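Engineer: Have a look at this one.
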Amino acid sequence: MLFEEDKEKLAVIIDANSMIHRAYHATLYAVNTETNKYESILNYFKENNIKPNNATKLFLTWILYILNTNQIDYFVACWDSKEQTSRSQLNTEYKANRSRMAPELAIQIDDCRKIIEMCGGVNVWIPGIEADDIGGSISTFFNENNIKTILYSSDKDWTQLVDNDTSVVLIKNGGVKNWIKLTNENFMELSGYECLKPKQVMEFKMLFGDTSDNYKGPLGEKMAKTLLSQYGNIDNIYSHLEELKPAIQTKIKQFCNDEMENGMTCREFAYFMAHIFTTVENIDKNIDSYFKKPVDMFELQNFINDNKFSGFDKYIKKIK
């Protein structure tokens, strides 16, 4: 694929699984005009024998917004697979606190993947590999080919990837006006990690833990941030143990000893598999295969009509 030499190439990568989960739960309840009370929208679908499409509608809204706010050269949607992940094989407690995907959301996945295809994108999933690992690896792949990336997710794990070539948009509740675009310049101000740099995010998760992934770290939030701010990383903290209070020394020693005994499993949990995309067989590694195609306006309009969606004319007119 040929580009003008002076045109900066851009790849947009979305964490599709995190987005459809947020879309589903953000639209799960609505006001019943007859009772004037919030009720599950699933009751409406069931009573009228309609296939649930609440996540699909909001997901489509977000995808069209993303298309209309970026000059996209490459467009990739990353998905989880059904198979057990490598992290779950390392630790059976990994994400054990998360409930299974609601069947009313699961039946919307195919339509959401169809949306990506109609909008010119490519769906990617790898058996046993999580969507955020795939996205992180693809972002690295694009960056190594001199292509800047914007990553969209409702999960903060991708924030570790922010640098001069990669920005991350955090999808928040309350509409696109509340989305936060993180860059190297505004990371400390807007990320919520305060004194930490992007590359320290996963070191922080190792020390503090991550309740969403169901694993604990040895330190509290404030202490983890303080030590990383002062020493930079866990290895350097360990090298300066004598400067720390005895209680903190004990916790760090135990943590590092456990890591060595377990083959650094915590690092494997916290950090992305940076090159999984280029090492897995049967995955198309031709960069032009991920070039964004034109939106299929005919199929998209039929899809909107078939689902009886309204309010999309303003997005359709702006499509680039």
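The values are calculated or read from the model by the stated rules, or taken from the named source; none is laboratory data. Note that the coordinates shown come from a computational prediction; the quantities given were computed from them, not determined experimentally. A quick note on method: Cβ atoms are made from the backbone with ideal geometry, for glycine too, and the neighbour counts reach across all protein chains shown. To get the accessible areas, we keep the full protein, side chains included, count just its heavy atoms, and leave off ligands, DNA and RNA. Shrake-Rupley method; radii C 1.70, N 1.55, O 1.52, S 1.80 Å.
Engineer: Residue check: is LYS172 at pLDDT below 95 and over 17 Å from the mean Cα position of the chain (by Cα)?
Structural biologist: Answer is no for this residue.
Engineer: Here is a follow-up. Those residues that are over 33 Å from the mean Cα position of the chain (by Cα) and within 14 Å of LEU105 (Cα to Cα), I need them from the stretch 28-51; list them, please.
Structural biologist: none
Engineer: What number goes with the only condition from (1) over 12 Å from the mean Cα position of the chain (by Cα); (2) more than 23 Å from ILE319 (Cα to Cα); (3) at pLDDT 85 or above that ILE134 does not pass?
Structural biologist: Checking ILE134 against (1) over 12 Å from the mean Cα position of the chain (by Cα); (2) more than 23 Å from ILE319 (Cα to Cα); (3) at pLDDT 85 or above, the one that fails is (1).
Engineer: Within the stretch 55-75, work out how many residues are open to solvent by 10 Å² or more (accessible area, probe 1.4 Å), over 17 Å from PRO294 (Cβ atoms) and not hydrophobic (A, V, I, L, M, F, W, C).
Structural biologist: 4
Engineer: Here's another thing I want to ask about it. Please go through the stretch 205-244 and pick out each residue that is in contact (Cβ under 8 Å) with a residue 24 or more places away in the chain and touching a Phe, Trp or Tyr at 6+ places or on another chain (Cβ under 7 Å).
Structural biologist: ASP213, ASN214, TYR215, GLY217, PRO218, LEU219, LYS225, LEU228
Engineer: Here is a follow-up. Mind checking which residues of the stretch 146-158 are farther than 23 Å from ASP73 by Cβ and open to solvent by less than 50 Å² (accessible area, probe 1.4 Å)?
Structural biologist: SER154, ASP155, ASP157, listed by residue number.
Engineer: Only one residue in LYS181, LYS177, LYS199 is open to solvent by 60 Å² or more (accessible area, probe 1.4 Å), outside any helix (DSSP H, G or I), free of Cβ contacts under 8 Å to residues at least 40 places away in the same chain and within 30 Å of GLU8 (Cα to Cα), so which one is that?
Structural biologist: Among LYS181, LYS177, LYS199, only LYS181 is open to solvent by 60 Å² or more (accessible area, probe 1.4 Å), outside any helix (DSSP H, G or I), free of Cβ contacts under 8 Å to residues at least 40 places away in the same chain and within 30 Å of GLU8 (Cα to Cα).
Engineer: While we're here: Being assigned to a loop (DSSP other than H, G, I, E, B) and either β-branched (Val, Ile, Thr) or buried (at least 20 other Cβ atoms within 10 Å of the Cβ) (or both) narrows it down to one residue among ILE116, ILE129; which is it? Even if it seems obvious, please write down each step before you answer.
Structural biologist: Working: ILE116 fails: assigned to a loop (DSSP other than H, G, I, E, B).
Sole residue among the options that is assigned to a loop (DSSP other than H, G, I, E, B) and either β-branched (Val, Ile, Thr) or buried (at least 20 other Cβ atoms within 10 Å of the Cβ) (or both): ILE129.
Engineer: Test SER191 against the criterion of being of a type in the set (Gly, Ala, Ser) and touching a Ser or Thr at 6+ places or on another chain (Cβ under 9 Å), and give yes or no.
Structural biologist: Yes; evaluated as a whole, the condition is true for this residue.
Engineer: Quick one: LYS216 ticks every box in (1) modelled with pLDDT under 90; (2) in contact with a Gly (Cβ under 9 Å, 6 or more places away or on another chain); (3) surrounded by 14 or more Cβ atoms within 10 Å (Cβ to Cβ); (4) of a type outside the set (A, V, I, L, M) bar one, so which box is it?
Structural biologist: (3)
Engineer: Give the residue, chosen from LYS82, LYS95, that is assigned to a loop (DSSP other than H, G, I, E, B) and at pLDDT below 55.
Structural biologist: When all the criteria are applied, what remains is LYS95.
Engineer: Step by step: first the residues of the stretch 5-38, then only those that are in a loop (DSSP other than H, G, I, E, B) and open to solvent by 100 Å² or more (accessible area, probe 1.4 Å), then the one that is nearest to ASN146 (Cα to Cα). Which residue is that? Before you say what the answer is, go through the steps one by one.
Structural biologist: At the first step, the residues of the stretch 5-38 found to be in a loop (DSSP other than H, G, I, E, B) are 5-9, 27-28, 33-36.
Restricting the remaining residues to those that are open to solvent by 100 Å² or more (accessible area, probe 1.4 Å) gives 5-6, 8, 33-34, 36.
Working: GLU5: 12, ASP6: 12, GLU8: 9, THR33: 53, GLU34: 56, ASN36: 54 Å.
Only one residue tops the list, namely GLU8.
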